[in-house]
Amino acid sequence: MIERETLQASVNGRPVLRRVQIEPTNRCNFTCGYCRRAHWSRPEGDMDLERFQEVLSYLPEVPYIHLQGVGEPLLNKDLPAMIRRSRLRGARVGTTTNASMLSKKKAKALLDSGVNRINLSVDTLEAADFSRLRPGVSMEKVLANISALAELRHSGGYEDVGLTFALVAVPSAIESLCSIITLAAELGLDEVYLQNLNGSFLPTDDPVKESYGDSDYTYYNEATQSAQVLASRLGIRFLPPAMDVPDYSWRCRWPLHGCNVTWDGFVSPCCLQPDPDVLHFGNLFETDFEKIWSSPAYHHFRARVEADCEPLCAKCPDRYGQMWHPTANPFAELQP
Ligand SMILES: C[S@@+](CC[C@H](N)C(=O)[O-])C[C@H]1O[C@@H](n2cnc3c(N)ncnc32)[C@H](O)[C@@H]1O
Ligand code: SF4
């Protein structure tokens, strides 16, 4: 078995924070049925720049900050300024967007902000499926925006900004996998990242809960293997999750070295469990981060994650996967 490496690094028994995900807003202009937003009743709002600066000052310096939560980050007009301020703290910075509002002006502002990676959410290249899965703005518009961003990255000398297609592994995404990888290569993108559908919060009879992860591993595995071959040939990095490889050594370690901060300051354990009504360890605007991170509750939670016996994680579809392989280092800067 491959030895686990530095991911478990800690100082005096206290895990080192390497990655923070901060939510610029939880408002959205899309109504995706598989998204947590469609199934909760949290208050909506934005983190303004002043509050963002406060959050940065409360947190220790970390190598990577991802500006995304449950909501569309581009709806917050301060996103480029947030990126700039995070970069000034020495962090590499990424964001994830539905790309619907990525006008040329906004794309340039984003690239000029010093962002290091942009994840672009596109699950399918079938227009009807896109409208069903990601209702808001047409697929044509989203793809035109992505194409213009990729062109600007190339012509404007922003080649070191990583561009990734982010897919949720619903059946239409698996069917579109090879076309999306081909499009990524045509546009000069770097990476295609496939994430399992997290259906833990969806009603059991919800039609979007259907996922190859629940039923047909064979089809999924064949599709991702062919996609991997194509991606290697086209020079695209392809990151699929493991659906049926419950290998203990590949388990997720997100909460051991990362945390999620909501627009209103709640600290939750990871990007797949960002709902403070389900679990949070404190609020940054009320409690010192150090106290939150070192609290007995957080410590016990991490111990359960480390021992692979946290009930909340048992429901997570990305609990085991290639991105968690000890050699893959999920906290490398180009990982989602
Ligand atoms: C919550 S969205 C927020 C950013 C932005 N609004 C977007 O859609 O790109 C972040 C990523 O999570 C994905 N996502 C949403 N709901 C999901 C779910 N139930 N399971 C897995 N991924 C999900 C989205 O497709 C997107 O790539
Ligand atoms: S665009 Fe993103 S945040 Fe908005 S509903 Fe869809 S997945 Fe959720």
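Rounded if a/c is under 1.5, else prolate if a/b beats b/c, else oblate: with a ≥ b ≥ c from the C-alpha gyration tensor eigenvalues square-rooted, which is region 108-210?
Details: a/c = 2.15, a/b = 1.95, b/c = 1.10.
Taking the square roots of the gyration eigenvalues as a ≥ b ≥ c, region 108-210 is prolate.
With r as the distance between the Cβ atoms of His299 and Arg251 and R0 = 30 Å, compute the FRET efficiency 1/(1 + (r/R0)^6) and round to 0.05. Please list the in-between numbers first.
On the way: r = 19 Å, r/R0 = 0.62.
Working from the Cβ atoms, E equals 0.95.
Quick one: 3J(HN,Hα) in Hz for region 52-62, Karplus 6.51/-1.76/1.60 with θ = phi - 60°, rounded, Gly and Pro as x.
Karplus-based 3J(HN,Hα) across region 52-62 equals 4, 4, 4, 4, 4, 6, 7, 8, x, 5, 10 Hz.
List the GluC sites (Glu not before Pro) within region 120-173 that fall in a DSSP loop (any state other than H, G, I, E or B) and whose Cβ has at most 14 other Cβ atoms within 10 Å. Intermediate values should be presented prior to the final figure.
Numbers: sites: Glu126, Glu140, Glu151, Glu159; in loops: Glu126, Glu159.
Counting only loop positions with at most 14 other Cβ atoms within 10 Å, the GluC sites (Glu not before Pro) in region 120-173 are Glu159.
Could you rank the peptides 102-112, 58-68 by their average count of other C-beta atoms within 10 Å per residue, with the highest value first?
Values: 102-112: 16.6, 58-68: 19.5.
The packing order, highest mean first, is 58-68, 102-112.
Any chance you could run the full-extension gain for Lys141 through Glu186? It's 0.36 nm times the residue separation minus the Cα-Cα distance, nm to one decimal.
Taking 0.36 nm per residue and subtracting the Cα distance, the gain is 14.5 nm.
So, by mean Cβ neighbours within 10 angstrom, what's the order for 79-87, 298-306 with the highest one leading?
On the way: 79-87: 20.9, 298-306: 16.4.
Ranked from most to least packed, the peptides come out as 79-87, 298-306.
For Asn26, which sequence-distant residues (separation of 5 or more, or a different chain) have an amide H within less than 5 Å of its own amide H, given hydrogens modelled in the peptide plane?
Here Gly45 satisfy the definition.
Among Cys35, Cys309, Cys316, rank each residue by its count of other Cβ atoms within 10 Å, from fewest to most, as a rough exposure measure.
Details: Cys35 20, Cys309 10, Cys316 17.
So the ranking, lowest neighbour count to highest, is Cys309, Cys316, Cys35.
Averaged over every viewing direction, what's the projected area of the C-alpha convex hull for region 44-192? Give it in nm², one decimal, please. Provide the component values of the computation, followed by the final result.
On the way: hull surface 35.8 nm².
Reported value for the Cα convex hull: 8.9 nm².
Evaluate the distance, in nm, between pseudo-label points positioned 7 Å from the Cα of Glu306 and of His39 along their respective Cα→Cβ axes.
3.1 nm
Amide H of Arg134 versus every other amide H placed in the peptide plane: which residues, excluding those fewer than 5 positions away on the same chain, fall under 5 Å?
So Arg134 has HN proximity to no qualifying residue.
Set the Förster distance to 45 Å, then compute FRET efficiency between Ala314 and Gln53 from the Cβ-Cβ distance, nearest 0.05. Walk me through the numbers on the way to the answer.
Values: r = 37 Å, r/R0 = 0.83.
That gives a FRET efficiency of 0.75.
Tell me which residues come under 5 Å, amide H to amide H, from Val168 once H is placed; ignore anything under 5 positions away on its chain.
Gln195
What lysines does Lys315 reach when the alpha-carbon gap must be under 20 Å and sequence neighbours fewer than 8 apart in one chain are set aside?
Cα-Cα hits under 20 Å: Lys209.
Using a cut-off of 25 Å between alpha-carbon atoms, which lysines can reach Lys77, once sequence neighbours fewer than 8 places away in the same chain are excluded?
Lys104, Lys105, Lys106, Lys108, Lys141
Taken together, the values in this text are just the output of simple stated rules run on the coordinates, not laboratory data. Everything numeric here is computed off the predicted structure, so don't read it as measured data. Note: ideal-geometry Cβ built from the backbone for every residue, glycine included; neighbour counts use all protein chains shown.
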